[in-house]
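The structure is given below, and queries will be raised subsequently.
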Amino acid sequence: MRYAIHLLYGIRNSSLRGKGRGFSLLEMVLALAILSIAGITLTRCMLSTMHASADARIFSRIRTSLQNHLADARLDVIEPQIKILESDVRGVTFQREIRPFSVRNSKGQQISGLMSVRITATWDSSSGVTTDFAEVYLPATPPGFRKQP
């Protein structure tokens, strides 16, 4: 009778003895675990790459703005000041600080009339509050002199 049921449902004798060709449940669970770990790792790598790319893009825009603000400072009166500048990059604060710069020549003589122009950018990045600056040294504007617009 048992043989007749096996013939009726198409079951071979080899499958009754455990010599089937399929994967066991343990093998399937192990394979899924390995694939899951690999998938999570790849997803994390892609997310960190995307964050790094976004940070690099923002940093590039900020560096360009710093250089533009330095170029604008050359057109303005060069006298000691601290000024908050308009930002063309969302979420970034620019500050211009102009202060006297003291330097000595090779003979040890004081060279006067130079000003340090520093533009500082501050913004929130994925690693926290970040600051960068660009600086140039320019001759001071003579007292009473106003540049034409």
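The values are calculated or read from the model by the stated rules, or taken from the named source; none is laboratory data. Quantities reported herein were computed from a predicted structural model and do not represent experimental measurements. Note that each Cβ is placed from the backbone with ideal geometry, even for glycine, and that neighbours are counted across all protein chains shown.
Can you tell me which residue is modelled with the lowest pLDDT among those in the stretch 80-90 that are exposed (fewer than 13 other Cβ atoms within 10 Å of the Cβ) and farther than 17 Å from N68 by Cβ?
The extreme case among them is P80.
Under 24 Å from the mean Cα position of the chain (by Cα) and in a helix (DSSP H, G or I), is that true of F59?
yes
Among the listed residues S65, S125, S87, identify the single one that is touching a residue at least 40 places away in the same chain (Cβ under 8 Å) and in contact with a helix residue (DSSP H, G or I) (Cβ under 8 Å, 6 or more places away or on another chain).
From the options S65, S125, S87, the qualifying one is S125.
Condition check ((1) surrounded by fewer than 16 Cβ atoms within 10 Å (Cβ to Cβ); (2) in a strand (DSSP E or B)) across all residues:
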site	(1), (2)
E97	yes, yes
S106	yes, no
L114	yes, yes
T120	no, yes
T130	no, yes
F133	yes, yes
L138	no, yes
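Okay, moving on. Within the group L66, L47, L42, L35, which residue is assigned to a helix (DSSP H, G or I), surrounded by 10 or more Cβ atoms within 10 Å (Cβ to Cβ) and within 14 Å of the chain's Cα centre (by Cα)?
The conditions single out L47.
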